[in-house]
1. Does residue 171 satisfy the criteria of being at pLDDT below 95 and either surrounded by fewer than 17 Cβ atoms within 10 Å (Cβ to Cβ) or assigned to a helix (DSSP H, G or I) (or both)?
2. Kindly establish whether residue 197 is surrounded by 14 or more Cβ atoms within 10 Å (Cβ to Cβ), closer than 22 Å to residue 145 by Cα and in contact with a strand residue (DSSP E or B) (Cβ under 8 Å, 6 or more places away or on another chain).
């Protein structure tokens with residue numbers, strides 16, 4: 001018969017104490033990063049898609065201030081030129097390199113060309129960290145969308161990140177570079193509501209991609225991260 005005394009004895013047994021101690025120490029380290037060395041971007045080549053405005057540009061400024069070498073990629077050259085001037089004001093070292101590249105990232109060939117251009121532009125140094133910030137949102141009612149609109153939602157919301165992540169992972173795995181890949185989802189990658197039927201599915205897909213890559217790419221020493229930003233002003 002199970003009594004209170006027997007339960008107490010079981011809970012205080014040495015094997016259980018060891019097991020409980022393991023979980024109390026292991027899980028905070030694994031899930032909250034306790035004891036992990038913080039990533040230092042100084043001197044590293046950081047590749048930011050969607051870097052001409054919004055989150056991508058803000059990130060480029062922050063990393064420039066921390067000493068990184070920056071490649072920003074977007075479609076519109078005039079916006080890239082303006083963004084590069086802003087990034088330059090955050091320079092901390094005379095040796096830092098800031099460059100901009102105009103490419104669409106909705107296909108694998110154009111994404112590969114963008115990565116190749118950025119690599120060549122930084123003395124043939126492939127990026128150490130990839131930040132996939134490219135993407136647009138166009139709210140619309142599902143029954144009122146055209147076929148092209150719906151396809152564009154997946155191209156800009158999912159494929160613009162997925163192709164870059166795929167190409168970067170392949171190159172890092174081949175060369176042994178223990179880099180970082182950061183994917184950008186949204187709170188609409190966790191939920192959705194009226195008007196977001198073309199955007200939200202893409203952001204849910206980004207979440208699924210990140211969860212798959214996080215464990216798979218550990219084999220190559222590549223770390224995968226995902227960010228779920230909420231409402232922000234991104235002109």
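The values are calculated or read from the model by the stated rules, or taken from the named source; none is laboratory data. Just so it is clear, the structure is predicted and the values come from calculations on it, not from any experiment. Here Cβ is always computed from backbone atoms with ideal geometry, including for glycine, and neighbour counts include all displayed protein chains.
1. no
2. yes
Condition check ((1) at pLDDT 85 or above; (2) within 30 Å of residue 38 (Cβ to Cβ)) across all residues:
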residue	(1), (2)
135	no, yes
142	no, no
164	yes, yes
208	yes, yes
